[in-house]
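Reading through the structure tokens given below for one structure.
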Amino acid sequence: MKRFYLTCTLLLLSGIAHAAGGPLGSNSAPDFLPVDEAFELTATRKDGMVELRWFALPGYYLYRHSLSFEGEGVEAGAAEIPPGLKKHDEYFGDVEVYYGELLVDLPLRGQPQEVRVRVRYQGCADAGLCYPPQKRTLKIPLEG
């Protein structure tokens, strides 16, 4: 009789796990990408500017208020950042965010052979993960 109840209990638990979308004992939390995969960042130099391009994969976004830029060995002007989408954030309140592609133009004063730009940014996933603020130093060679 104990074996019968044990078998019924296991079948019931297995059915509940299947209905919940996974095998018994599995963790159904979403898998999050590493930050550099979720937010691809590239930089090119042209016409006295550095064009910074982020591409956020679907379900990921960047915060406008977290963007900052600083030149190394060259003076950087004010970044030209397009308006973002309005969003109410649980932690930051009303913010602007970017889904998909974000292009930022950073004017440069001076023309050294190689430019280094320190970039700071932060992004999150719609599924509930916010990455820590990121810092990258990008080397951008003279346009050829």
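Annotations for the structure displayed:
- Extension gain, R53-A78: 0.36 nm per intervening residue step, less the Cα-Cα distance, totals 7.4 nm.
- Short-range pairs are left out: with C-alpha atoms under 8 Å and at least six residues apart, the relative contact order of the stretch 51-126 is 50 percent.
- Approximate spin-label separation E96-L33, in nm, with each point projected 7 Å along Cα-to-Cβ: 2.4
- Where a label projected 7 Å from the Cα of R118 along Cα→Cβ would reach, residues of the stretch 33-66 with amide N under 19 Å: 43, 50, 52, 65-66
- Computed label-point distance, nm, for sites E40 and L103 using a 7 Å Cα→Cβ extension: 1.6
- Hz values of 3J(HN,Hα) by residue in the stretch 69-80 - Karplus curve (6.51, -1.76, 1.60), Gly and Pro given as x: 9, 8, x, 10, x, 8, 8, 9, x, 5, 5, 9
FYI, it's all coordinate maths here, none of it is from the lab. Quick caveat: nothing in here was measured; it's all calculated off a predicted structure. Neighbour counts are summed over all protein chains in view; Cβ atoms, including those assigned to glycine, are modelled from backbone coordinates with ideal geometry.
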